[in-house]
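*Asks:* Below you'll find the structure I mean.
The values are calculated or read from the model by the stated rules, or taken from the named source; none is laboratory data. Since the model is a prediction, treat every value here as computed from it, not as a measurement. Positions of Cβ are generated from backbone atoms using ideal geometry, with glycine treated the same way; all protein chains shown enter the neighbour counts.
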Amino acid sequence: MAALCLLLAAAPPAVPQTYAPGSFELTPTVDLDLQPIPVHIPPRFQASLGDEPLTLNLPPGFTARVFAADGLFGPRLMAFGPTGVLHVANMRVPGENRGQIVALPDHDKDGIADERLVVANGFRRIHSLAFFRGALYAADNHQLVRLIDENGDGFYESRHLVAPLPSADDIYEGRKPGDETPALVEDIHPTRTLVFDEHNEKIYVSVGSTCDLCRERNPERAAVLQFDLDGNNRRVFASGLRNAAGLALHPQTNELWATVNGHDREGRSLPPETVYIIRDGGFYGFPFAYAWQSLVDFSVPGYSAVPPLTPDDLDLIATMPRPVALAPARLAPMAIHFYTGQRFPPRYRGAAFVVFRAGHNAAVPGWKVVALFSGHDGADAHLADFLTGLGSAQGVWGTPVGLAEDAEGHLYVSTDFVHNAVLRIEAPPRATAVAHPPLPADYALAQNRPNPFNAQTAIAYRLPVATDVRLSIYNARGQVVRQLIDAHAPTGYHEVIWDGRDDRGRVLASGLYFYRLQTPQGVLTRRLVLLK
């Protein structure tokens, strides 16, 4: 026992984030032990995706399949409708009607979209959508609109303007069908991201800057706008956000979180990409500073028009809050989504998934989805690569943008370039019933094997009746460090694997731990030893 206590005392502490305003440290990372897995491509999508097999890297036990591919052209952000059908902003459709909203129903629940239905079209550059009180809201480049399905057939016949949005209309006027001329430099961030605050009955829309780095003339640029549900009481909710491409409300605190793309010309390592909690009246740096009050290098060609900084500018910089997370530069963060389902292992519940769309000029691999583990207030943040393999130095087969979660807890990822597709990520089984006739006559909790263990250990238990089960790991102080099972389980023999990590994905220190099986009928407890 004394040896075990010494092992616990010698365990390395969590990495502190002690940097001061004016400097920064990248957020510590966690290793989820990603494994290469083949992506299942249904035969109907092979014509769109080709014959070459696709591979992703995911945590052990997770699988991936192509949910949809036919007829997708730049699929961006996504949302599930009231009947459980996934809807996608199809942004770059060739021809005169450049943007669509498509519905992808999965009638037979086999994890593959059965068809693609264009339920609304005629958008300029649609990027995001949301459902609220039976209506479908869409954030186009130049306006926020509410779409109504008048006869309940799933198609949206009427369209109502909620609010105009800042845009460079001259980019689009006079275009001929099929004209793919890129946006002018005066509007390099034309996409708009929409999110509903159902609790306070407000709408938030992010509007990116017109430039890489400049003083904006319009205060509604590089900002998050807030509206009432009918578009009234329009105001700037937060400013200094160069391009807040991802917005999400925290499921516990209802605070607005955002991913922010950094400026382009300070090299491969600056500035870091950021995740902030966005608060009313907050200022987040653009065009003067980044991260936590770190000043831009104004000697960079093209940035010299911003200074001199006025006393008001300096006062604004001093109000910049510390980011929740800082990731390497040049990765282009997009969607952020808080996982609320029960299907993924417990460590992911309440975690945020963040998409990084780019990587070609970054110092680290990009084109991935990461998990952001933190407290509800953003404290003690850690980042972990969750999905990689879409791109590398050898080539890119997908650029991820959007995230969505269905009612069963599966995760969906859209990719809008090279392969235009929606991927579905499925979790490993949480516990496996082992066929051992006859059915058990009593409750039992077996000794884990192996014990002591290093990388992982198996914990088996048996249930004579179907019942609610909670299987938890405790440290020597009696604190719960990992919730392995919290669900209704069937009669039979079960086994679950523990990898020695806590609910946030951090590797635990060597030492003595306890595992407890709790049911309405009683509690069973055993000891195990983790040795690193």
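*Asks:* Going by what's in this entry, would residue 95 be described as in a strand (DSSP E or B) and at positive phi?
*Replies:* Details: in a strand (DSSP E or B): no; at positive phi: yes.
It is false that residue 95 is in a strand (DSSP E or B) and at positive phi.
*Asks:* Kindly indicate which of 286, 298 is surrounded by 17 or more Cβ atoms within 10 Å (Cβ to Cβ) and in the same structural domain as residue 352 (by TED's automatic domain parsing). Lay out the reasoning, then the answer.
*Replies:* Working: 298 fails: surrounded by 17 or more Cβ atoms within 10 Å (Cβ to Cβ).
Only one candidate qualifies: 286.
*Asks:* Looking at segment 496-514, can you tell me whether even one residue there is in a strand (DSSP E or B) and at positive phi?
*Replies:* Looking through segment 496-514, at least one residue is in a strand (DSSP E or B) and at positive phi.
Okay, residues lined up against (1) crowded, with 17+ Cβ neighbours inside 10 Å; (2) at pLDDT 95 or above; (3) in the same structural domain as residue 285 (by TED's automatic domain parsing); (4) of a type in the set (A, V, I, L, M):
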{"site": "2", "(1), (2), (3), (4)": "no, no, no, yes"}
{"site": "9", "(1), (2), (3), (4)": "no, no, no, yes"}
{"site": "13", "(1), (2), (3), (4)": "no, no, no, no"}
{"site": "42", "(1), (2), (3), (4)": "no, no, yes, no"}
{"site": "52", "(1), (2), (3), (4)": "no, no, yes, no"}
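*Asks:* Right, here's the next one. Quickly run through segment 136-153 and pick out the residues that are small (Gly, Ala, Ser) and surrounded by fewer than 16 Cβ atoms within 10 Å (Cβ to Cβ).
*Replies:* From segment 136-153, those small (Gly, Ala, Ser) are 138-139, 152; that's our starting set.
The answer is 152, and nothing else.
*Asks:* Mind counting the residues in segment 407-442 that are in contact with a Lys or Arg (Cβ under 7 Å, 6 or more places away or on another chain), farther than 19 Å from residue 85 by Cβ and at pLDDT 80 or above?
*Replies:* Within segment 407-442, residues that are in contact with a Lys or Arg (Cβ under 7 Å, 6 or more places away or on another chain), farther than 19 Å from residue 85 by Cβ and at pLDDT 80 or above number 2.
*Asks:* Just one of the numbered conditions (1) of a type outside the set (S, T, N, Q); (2) farther than 25 Å from residue 78 by Cα; (3) touching a strand residue (DSSP E or B) at 6+ places or on another chain (Cβ under 7 Å) is not true of residue 270; which one?
*Replies:* Result: residue 270 passes all but (3).
*Asks:* Return the pairs, sorted by first residue and then second, in which the second residue is of a type in the set (Ser, Thr, Tyr) and surrounded by fewer than 18 Cβ atoms within 10 Å (Cβ to Cβ), the first residue lies in segment 389-413 and is over 17 Å from residue 77 (Cβ atoms), the beta carbons are less than 8 Å apart, and the residues are 6+ apart or on different chains.
*Replies:* 389/55
*Asks:* A further question follows. Out of all the residues in segment 343-355, which are more than 14 Å from residue 425 (Cα to Cα) and modelled with pLDDT under 95?
*Replies:* 346, 347, 349, 350
*Asks:* With respect to the numbered conditions (1) surrounded by 15 or more Cβ atoms within 10 Å (Cβ to Cβ); (2) of a type outside the set (Asp, Glu); (3) assigned by TED's automatic domain parsing to the domain that holds residue 526; (4) closer than 29 Å to residue 26 by Cα, which one is the sole condition not fulfilled by residue 448?
*Replies:* In the conditions (1) surrounded by 15 or more Cβ atoms within 10 Å (Cβ to Cβ); (2) of a type outside the set (Asp, Glu); (3) assigned by TED's automatic domain parsing to the domain that holds residue 526; (4) closer than 29 Å to residue 26 by Cα, residue 448 misses (4) alone.
*Asks:* Now, a different point. Out of (1) in the same structural domain as residue 272 (by TED's automatic domain parsing); (2) in a loop (DSSP other than H, G, I, E, B); (3) of a type outside the set (A, V, I, L, M, F, W, C), what's the single condition that is false for residue 25?
*Replies:* Exception for residue 25: condition (1).
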